[in-house]
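In what follows, a single structure is set out as structure tokens and then discussed.
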Amino acid sequence: MAVKSDGWIIERARSEHMIEPFSEDQVRTGISFGVSCYGYDFRLSDEFKVPMTKGLSELDPKVDNSDFFTAVTAESVLIPANSFILGKSLEYFRIPRSVITICTGKSTYARCGIVVNVTPFEPEWEGYATLSLANASPIPVRIYANEGIAQLLFLEAAEDCIKSYKDKSGKYQNQQKITLPKLD
């Protein structure tokens, strides 16, 4: 596997509609997004799910937690200290069969205590990414919609995988909205 360059990302994004909407250049207004040297800085949409913690003793990934989250649409959201929210990527992704991604948070947010957790986008996964945005800071931190939130690094294998996410009928395939944990 090799990390792919900006030229590869531009070509594949154009020919395979890998990222939509797609910015060939790095847009440096606000918190940057678009093509970077070996990856793509994607944006946060204005859709969030905020946990309602009052009276809640735990979140269990094996239980339907949908009653414990409130949907919010906003240009910015304040994440309370030592808490988290869920967000959604603005971009829709179509990952090629020979590619897997690694996602890291943007340094601007990391310097404020925000930890972005996104699992790898597996070969042939498609959809909007659901993001966990954790505030490790002892004070609230504001995050902004329509600006960069994380960077994807693209790793391409020498050959296609034997069984892709699509082949497995992955439970988060074709996500259109913020998706809470699923068991099947």
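The values are calculated or read from the model by the stated rules, or taken from the named source; none is laboratory data. Only a predicted model underlies this, so the values are computations on that prediction, with no experimental measurement involved. Don't worry about glycine lacking a Cβ; one is built from the backbone with ideal geometry, like all the others, and counts go over all protein chains shown.
In this structure, is Ser76 surrounded by 15 or more Cβ atoms within 10 Å (Cβ to Cβ) and small (Gly, Ala, Ser)? So Ser76 does not fit the description; no. Among the residues of the stretch 24-34, at least one is assigned to a loop (DSSP other than H, G, I, E, B) and among the basic types (Lys, Arg). Of the residues that sit in the stretch 1-23 and are in a loop (DSSP other than H, G, I, E, B) and within 19 Å of Ala157 (Cβ to Cβ), which one is modelled with the highest pLDDT? Taking the candidates together, the pick is Met18.
Consider Arg43 carefully, then state whether it is more than 21 Å from Phe154 (Cα to Cα) and at pLDDT 90 or above. No.
Against the test of being more than 29 Å from Tyr165 (Cα to Cα), in contact with a Cys (Cβ under 6 Å, 6 or more places away or on another chain), aliphatic (A, V, I, L, M) and modelled with pLDDT of 95 or more, the options Val141, Val77 yield a single qualifying residue, Val141. Restricted to strands (runs of 3 or more DSSP E) entirely inside the stretch 112-164, those with at least 1 residues that are touching a Gly at 6+ places or on another chain (Cβ under 7 Å), aromatic (Phe, Trp, Tyr) and farther than 18 Å from Pro80 by Cβ are 148-156. Scanning the stretch 69-83 for residues that are in contact with a Pro (Cβ under 6 Å, 6 or more places away or on another chain) and either part of a strand (DSSP E or B) or without any contact (Cβ under 8 Å) to a residue 24 or more places away in the chain (or both) yields a total of 2. Restricting attention to the stretch 116-126, does a residue exist that is under 14 Å from the mean Cα position of the chain (by Cα), of a type in the set (A, V, I, L, M) and either over 23 Å from Val27 (Cα atoms) or at pLDDT 95 or above (or both)? Yes. I'd like the full set of residues that are over 16 Å from Gly148 (Cβ atoms), touching a Leu at 6+ places or on another chain (Cβ under 9 Å) and modelled with pLDDT of 95 or more, limited to the stretch 80-104. Of everything in the stretch 80-104, those that are over 16 Å from Gly148 (Cβ atoms), touching a Leu at 6+ places or on another chain (Cβ under 9 Å) and modelled with pLDDT of 95 or more turn out to be Phe84, Ile85, Leu86.
Would a scan of the stretch 145-163 turn up a residue that is farther than 21 Å from Asp46 by Cα, buried (at least 19 other Cβ atoms within 10 Å of the Cβ) and not small (Gly, Ala, Ser)? Yes, there is a match, as at least one residue in the stretch 145-163 is farther than 21 Å from Asp46 by Cα, buried (at least 19 other Cβ atoms within 10 Å of the Cβ) and not small (Gly, Ala, Ser). Report yes if some residue within the stretch 1-20 is under 14 Å from Thr101 (Cα atoms), over 21 Å from the mean Cα position of the chain (by Cα) and surrounded by fewer than 16 Cβ atoms within 10 Å (Cβ to Cβ); otherwise report no. Yes, the conditions are met somewhere in the stretch 1-20. Within the stretch 53-62, track down each residue that is exposed (fewer than 13 other Cβ atoms within 10 Å of the Cβ), on the phi < 0 side of the Ramachandran plot and either without any contact (Cβ under 8 Å) to a residue 24 or more places away in the chain or polar (S, T, N, Q) (or both). Hits for the stretch 53-62 are Thr53, Lys54, Leu56, Ser57, Glu58, Asp60.
Any idea which residue in the stretch 165-184 is farthest from Phe68 (Cα to Cα), counting only those that are touching a Ser or Thr at 6+ places or on another chain (Cβ under 7 Å) and part of a loop (DSSP other than H, G, I, E, B)? Per the stated criteria, the residue is Tyr172.
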